[in-house]
Amino acid sequence: MSVLIAVAHGSRDPRSAETVAAVVDGVRLRRPDLDVRVAYLDLTEPAVGTVIGEVAAEGHSSAVVVPLLLGSAFHARVDLPGILDAARVRYPWMTFTQADVLGDDSRLVDVLRARVLGTGVDRDDPDVAVAVAAVGSSDSLANRRTRTLASRLLDGTEWSGAQVCFATGVESPPADAVARLTAAGPRRVVVAPWFLAPGLLIDRVFGAFDNSALRADVLGDHPLVADVVSSRFDEAPRYQPRIDESSTVRR
């Protein structure tokens, strides 16, 4: 049976690991042909190296590693390739293939829209405005790509607008999103997390909005998330990771 190691970022918030476990359970239901494991890059156990060691000890000859990340920056381009390079030296009989990140796949944008609708707003309500809350990066190109989520989210709706704000960094803080979304008058503002799982960062973003703002759920264990993970596994043999050994971008 082929092995899929789903690698999440990790968090001190236990809600994060619970949600990741639910995502992985969804992948297992969708892909009974795979042996699906979960591992973390930081702050949560089991670590990637630990899970790789277990897979090697069980006699497997290969594994596909799927990063449960929404952006391709330091963790996907430096941390994880480094871990896999070390594993190839330690377990020379094994083949490790790194898949692409989940990224801004159109199916995940559909999940984001579904989470907004899950707050009770109507897709045809022009008084609705959405603040999409993302992690943010010190890589301005990565932030630029994340900002495209705003226009894509509005497809098929009559919502008045959407703005991307970042929980970290100096670009587009939540306060700026509030100002832009409400500049034309009162709006029903929905805060929509572009996060796979809940945690302290999104709690901080929610705290930047007043109590009248509706709070959408994270992407979480929506069936389309498992669908994207499954696709990344299938596409892995054709994926060429972008490895940046000199990168100092941490997100």
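The values are calculated or read from the model by the stated rules, or taken from the named source; none is laboratory data. A quick note: this is a predicted structure, and the numbers were derived from the prediction, not measured. Here Cβ is always computed from backbone atoms with ideal geometry, including for glycine, and neighbour counts include all displayed protein chains.
Things to note:
- Residue satisfying all of: in region 190-237; in a strand (DSSP E or B) and closer than 19 Å to Thr146 by Cβ; nearest to the chain's Cα centre (by Cα) among these: Pro193
- Filtering region 107-124 to residues that are touching a strand residue (DSSP E or B) at 6+ places or on another chain (Cβ under 9 Å) and assigned to a loop (DSSP other than H, G, I, E, B) leaves Thr119, Gly120, Val121, Asp122.
- Residue list for region 125-152, filter: part of a loop (DSSP other than H, G, I, E, B), without any contact (Cβ under 8 Å) to a residue 60 or more places away in the chain and under 25 Å from Asp210 (Cβ atoms): Pro126
- Search result, residues across region 107-120 that are surrounded by fewer than 19 Cβ atoms within 10 Å (Cβ to Cβ), under 17 Å from Leu214 (Cα atoms) and either touching a helix residue (DSSP H, G or I) at 6+ places or on another chain (Cβ under 7 Å) or among the hydrophobic types (A, V, I, L, M, F, W, C) (or both): Ala114, Leu117
- Of all residues in region 207-251 being loosely packed, with under 15 Cβ neighbours inside 10 Å and of a type in the set (Asp, Glu), the one that is modelled with the lowest pLDDT: Glu245
- Leu69 meets all of the listed conditions (1) within 17 Å of the chain's Cα centre (by Cα); (2) of a type outside the set (Ser, Thr, Tyr); (3) outside any loop (DSSP other than H, G, I, E, B) but one, namely (3).
- Taken together, the residues in region 49-69 that are closer than 23 Å to Leu219 by Cβ, touching a Phe, Trp or Tyr at 6+ places or on another chain (Cβ under 7 Å) and either surrounded by fewer than 22 Cβ atoms within 10 Å (Cβ to Cβ) or of a type in the set (D, E, K, R) (or both) amount to 0.
- Flag if Thr97 is out of contact with any His (no Cβ under 7 Å at 6 or more places or on another chain) and at pLDDT below 95: no
- Considering the conditions (1) farther than 25 Å from Leu34 by Cβ; (2) assigned by TED's automatic domain parsing to the domain that holds Val38; (3) in contact with a Leu (Cβ under 7 Å, 6 or more places away or on another chain), Phe74 is excluded by exactly one of them, (3).
- Residues (part of a helix (DSSP H, G or I) and surrounded by fewer than 17 Cβ atoms within 10 Å (Cβ to Cβ)) located in region 81-106: Gly82, Asp85, Ala86, Arg88, Val89, Arg90, Ser106
- Residue count, region 168-206 (criterion: modelled with pLDDT of 90 or more and either of a type in the set (A, V, I, L, M) or farther than 30 Å from Pro223 by Cβ (or both)): 10
- Scanning region 174-206 for residues that are crowded, with 16+ Cβ neighbours inside 10 Å and out of contact with any strand residue (DSSP E or B) (no Cβ under 8 Å at 6 or more places or on another chain) yields Pro198, Gly199, Leu201.
- For region 1-48, taking the residues that are part of a strand (DSSP E or B) and not hydrophobic (A, V, I, L, M, F, W, C), the one that is surrounded by the fewest Cβ atoms within 10 Å (Cβ to Cβ) is identified as Ser2.
- Boolean, Thr119 is under 25 Å from Asp13 (Cβ atoms) and of a type in the set (S, T, N, Q): yes
- Every residue from region 153-186 that is outside any helix (DSSP H, G or I), in contact (Cβ under 8 Å) with a residue 12 or more places away in the chain and small (Gly, Ala, Ser): Gly156, Ser160, Gly161, Ala162, Ala167, Gly169, Ser172, Ala184
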